[in-house]
Amino acid sequence: MESDKNKVLLIAEDEPSLRYILRDKLSNIGFTVFEAADGEEGLAVAMKEHPDLILLDLVMPKMDGISMLKKLRESDWGKSVKVLVLTNLDETGKISEAVEHGAEEYLIKSDWSIESIVAKIREKFGM
Amino acid sequence: MDGRKQEAVLTSRKLVADGAYEVSFELSESIQFAPGQYAWVILPELAHPDRRGNRRSFSIISTPSDAKNIRFLFRVHSPNSGYKKTLLELPLGSRAQIDAPFGLHTLPNATTIIMVAGGVGISSFLSIIRDMEERGAWRQLTLIFGNSSQKSAPFLDELRMYAKNRPIFELREVEGSISKEHLPVGTTPKDTRWLLAGPKEMTNKVAAVLTAADIDPGRVLCEEFPPPALDKGLPVIDEQTMSDSNFYKLAVENASNHVIFTDIEGTIVYCNKAAEHITGYTFEEMRGSTPRLWGGLMDKNFYEHLWRIIKRERKPYSGKIKNRRKNGEVYTVIARISPVLGRDGDLIGFLGTEEDITDLEKIDQAKTEFVSLASHQLRSPLSVINWYTEMLLGEGVGGLNEKQKRYLSEVKNGSRRMTELVKDLLNVSRLELGTLVIEPRPVSLPALIAEAVQEQAPDLHKKNIKLNESYAPQVSTFPADPKFLKIIVQNLLSNAVKYTQDGGEVSVRTELADGKMVLSVSDTGYGIPEDQQRKIFTKLFRARNVVKKDTEGSGIGLYLVKSIVERSGGSIWFTSKEGAGTTFFVAFPAEGMRAQRDDIM
């Protein structure tokens, strides 16, 4: 089985308490985790660190998640990076927009436990 | 307390003071009333015309100890109403109807009560005073009884006798009109209750004195008689004068709702001021056109349906319609369109009334948007609680003792309930805003139901409820939006489990009947009380019998289920018997749930 250590994640989430707990959990089980508190920072970290998967919040200051996703898809590196949208914004329009731009999943935070998010991430890596 | 109409016979009539008569009626059945209540006396026909009609209300002056014979007091002014004249001349033994009792005039729970009566206003208090005497249950009471100097006061001897024998009851007789010096304001306890009854002139004057003395109006109860002037000299308006004058035309012209008349083809022949104001077109601009001038925004089927109802079936139509004003603004109305028939029964035209509800809808929309926004905002702190309790309960952060685990599980459970509630609220607001999107695709019914059953497994097990399942193979795959079908099944199933006693049974079945997929969920639970059944799909409604047993329900589930079912082309109904159980049925056409797009304009 491939080790989690080989995988790099980026958490783009403006709410600190949610970001910390995700980071703690994901780094505890061995992922390498980068964090960003808004879309601009998220885009910069992504372009620099080239994560294997991005957990992307939608409602964020400076640059929202959908804009960050679009910018990523416009860049050479970001065309194919795995993106899981993890948000509390539950709107059909946003879901289809995210999916159009290649988000692999659209998860509502309040409906998903951390364990199930971890399972989803592992599934994406075929673990 | 509601009144009940019954037959009565006039048994006596006595003059008890100048121009004041006491009448007695014997009832066909005894009535239950409280001292201080009143009755309507309906005379079968009036020997003298009276534009106020053949019914009057009177205080009952007898006591509940004789529930078959009740007495009233009235004074005859001259010239007088046709009603009272008729009552005065009515032969003993005549029939009348009594509608009683009405009004609740029980004595307030105060240390001191002051009754202020003018003339026959005493009738409001006689029953109360007589009842206290009969039962020997006197309370601290002062009666200030005013009587105009030209007339003798009714029942004064009786009241004087009570006052002489019962020191707790004080009678103050006032010759002429009652004024400030007769009223013990300032010397009475703060919680004193004032009961006033008499001619309007007197009650107004007394009330003004009490207000000036800073007495809380909430402590003053007032019953006034209209001045006798009402019975004479004023211009008369009755149905005849209303139809002779342009009364009805005035009413239509000045109504705040849009009113138009059209011929059979829909050509406008009349409109009122509001119609001009609401549509923005003047009558001159409308004349010769049809309401298409501002309408025509609904789809073709709608107008075909409308014409079929009003023209072919000749029935009134009512419903919500979108229109466009002359300035281009779209507005929403509740329209009612009725066929107008001529003397020979032929259709001659249509009457259309419309109420502009655009502003009301905006307010409603703002409210719903607020709920939607608030629900979204609630999700972040809920996620914080959910994830941190999950981590604390999980491995790797140091062990908790059993008690700590149990406490934390309760936090998690509460947060889960809140998460579900927020989700329901969001779905309700989507339904109300019309932003709910329903996308049917083939779904395995047994698998989807199994997921919902799985969620109920802990409760099924805890309450030892037996679950019966039966799925028709013809509809094992069914075109539905899994997200919403799941909400339907979850709600019906969790209700069935929640409202069934330990050891009961819950059954889920699907079948194909009359070209429809019917899903039913039945239980052997508490059932829905019959008088509450028609409210069961109302938002925030919870049945009386379950509110006592369970505090978890929000009153949103069934409202949401019904809205989803109807929005997606299905129907929902139920059968229920209190104490025996309930079955909910949901039916969709065999072709599946109907797709619904975001229909916000």
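We did not get these values from a lab; they are worked out from the coordinates using the rules stated. These figures come from a predicted structure and were not determined experimentally. All Cβ positions, even for glycine, are placed from backbone atoms using ideal geometry, and neighbour counts span all protein chains on display.
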So which of A:62/B:362; B:85/B:151; B:412/B:483; B:463/B:486; A:25/B:463 end up more than 26 Å apart, counting from Cα to Cα? A:62/B:362; A:25/B:463
If you take each beta carbon of peptide A:109-122 and count the beta carbons of other chains within 10 angstrom, what is the mean? 4
How large is ³J(HN,Hα) for each residue in the range A:95-112, as worked out from phi by the Karplus curve 6.51 cos²θ - 1.76 cosθ + 1.60 (θ = phi - 60°), to whole Hz, x for Gly and Pro? 4, 5, 5, 5, 5, 4, 8, x, 5, 7, 9, 10, 10, 8, 3, 5, 8, 10
At a Förster distance of 60 Å, what's the computed FRET efficiency of residue B:450 paired with residue B:9, Cβ-Cβ distance as r, to 0.05? 0.25
Please compute, for peptide A:13-19, the average count of beta-carbon atoms on other protein chains lying within 10 Å of each residue's beta-carbon. 3
Theoretical gain in end-to-end length, residue B:173 to residue B:404 [0.36 nm per residue, Cα-Cα removed]: 75.5 nm
Remind me, relative contact order of chain B in percent, using alpha carbon pairs under 8 angstrom and six or more residues apart? 7
May I ask for log10 I(q)/I(0) of the range B:113-230 at q = 0.14, 0.16, 0.19 Å⁻¹, from a Debye sum over the Cα atoms as equal point scatterers with solvent left out? -0.56, -0.73, -1.04
Kirkwood radius from Cα pairs of the protein assembly as shown plugged into Stokes-Einstein at 4 °C, 1.567 mPa s, gives D in µm²/s equal to 38
Trypsin sites (Lys or Arg not before Pro) within the range B:3-82: DSSP coil, no more than 15 neighbouring Cβ in 10 Å: B:51, B:52, B:68
Compute and list, largest first, the equivalent-ellipsoid semi-axes of chain B from the alpha carbon gyration tensor, each √(5λ) rounded to a whole angstrom. 61, 40, 25
Label point 7 Å out from residue B:355 along Cα-to-Cβ: which residues of the range B:322-344 have amide N under 15 Å? B:332-337
Rounded to 0.05, the calculated FRET efficiency for the beta carbons of residue B:464 and residue B:299 at R₀ = 56 Å is 0.60
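Provide a whole-number value for the mean count of partner chain Cβ atoms within 10 Å of the Cβ atoms in peptide B:376-384. All intermediate terms of the calculation are to be shown ahead of the outcome.
On the way: counts 7, 2, 2, 8, 10, 5, 3, 12, 7.
Per-residue shielding by partner chains comes out at 6.
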With Cα atoms, 0 to 90° folded angle of helix B:557-567 axis to chain B main axis: 70
With the dipole of the range B:4-102 defined by +1 on each Lys or Arg Cβ and -1 on each Asp or Glu Cβ, the option from B:31, B:12, B:53 whose Cα lies farthest towards the positive pole is B:53
Work out, step by step, the length gained on full extension between residue B:247 and residue B:263: first 0.36 nm times the residue separation, then minus their alpha carbon distance; give nm to one decimal. 3.4 nm
Once the piece of chain linking residue B:343 and residue B:325 is laid out straight, how much longer is it, given 0.36 nm per residue of separation minus the C-alpha distance between them? 3.0 nm
7 Å from Cα along Cα→Cβ at both residue B:212 and residue B:165: what's the point-to-point distance in nm? 3.9
Taking amide H atoms as placed 1.01 Å from N in the peptide plane, list the residues 5 or more away in sequence, or in a different chain, whose amide H sits under 5 Å from that of residue B:349. B:340
What residue among A:42, A:30, A:78 has the largest mean-square fluctuation in a Gaussian network model of chain A, using Cα springs under 10 Å? A:30
Using θ = phi - 60° and the Karplus relation 6.51 cos²θ - 1.76 cosθ + 1.60, list the HN-Hα couplings for the range B:397-406 in order, rounded to whole Hz, with x at every Gly or Pro. 10, x, x, 9, 7, 4, 5, 4, 4, 5
Once every DSSP H run of n ≥ 4 in the protein assembly as shown is given -39500 (n - 2.57) and the sum is divided by its residues, what mean residue ellipticity at 222 nm do you get, rounded to the nearest 500 deg cm²/dmol? -10500 deg cm²/dmol
Under 20 Å from residue B:180, Cα to Cα: lysines that are on another chain or at least 8 residues apart: B:190, B:200, B:205
Distance (nanometres) between label positions extended 7 Å along Cα→Cβ at residue A:127 and residue B:46: 9.2
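How large is Rg/Rh for the range B:4-102, to two decimals, with Cα atoms and a Kirkwood Rh?
Values: Rg = 12.6 Å, Rh = 13.5 Å.
Using Cα coordinates only, the ratio equals 0.94.
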Taking a virtual spin label 7 Å from the Cα of residue A:6 along the C-beta vector, which residues in the range A:102-126 bring their backbone nitrogen under 14 Å of it? A:125-126
For chain A, which semi-axes, largest first and in whole Å, follow from the square roots of 5 times the eigenvalues of its Cα gyration tensor? 20, 16, 15
Could you tell me the relative contact order of the range B:411-551? Use alpha-carbon pairs under 8 Å, at least six residues apart, and round to a whole percent. 20
Could you compute the FRET efficiency for residue A:92 and residue A:120, with r as their C-beta to C-beta distance and R0 at 22 Å, rounded to 0.05? 0.60
Would you work out the charge dipole size for the protein assembly as shown about its Cα centre, treating the Cβ of every Lys and Arg as +1 and the Cβ of every Asp and Glu as -1, and quote it to the nearest 20 debye? 1340
